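Q: Input: one structure, supplied below.
Every number here is computed from the coordinates shown, using simple stated rules; none is lab data. A quick note: this is a predicted structure, and the numbers were derived from the prediction, not measured.
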Amino acid sequence: MARPGLVVMRGPAWSWGDQDGGEGCTGELVARGEEGSGGGWWSVLWHASGEEDVYRVGGEDGATFDLRVAEGGGMWPRSARG
């Protein structure tokens, strides 16, 4: 289940080039995003670049996933957040 702090990486529908810092890089879910006004978009803060953008976690159709839970999963420690 998507929630703030969840560590994620590229998923099966990834089509955003190297916005994530490259294959294998991780980021954390920050908050539900605004894109498309559906609940299936989340803002991600990428660890490698420090960039933040909005990606599909289900999208409007409920079946499009730009992201997946990173190997090892878990939550990004609050103390490591900026």
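Q: Quick one: length gained pulling A48 to E34 fully straight, 0.36 nm per residue minus the C-alpha distance? Numbers along the way, then the final one.
A: Details: separation 14, 0.36 × 14 = 5.04 nm, distance 2.33 nm.
Full-extension gain reported as 2.7 nm.
Q: Assuming 0.36 nm per residue, please report the length gained on full extension of the stretch W16 to A63 beyond their Cα-Cα distance. Don't jump to the answer; show the numbers that get you there.
A: Details: separation 47, 0.36 × 47 = 16.92 nm, distance 1.73 nm.
Gain on extension, W16 to A63, equals 15.2 nm.
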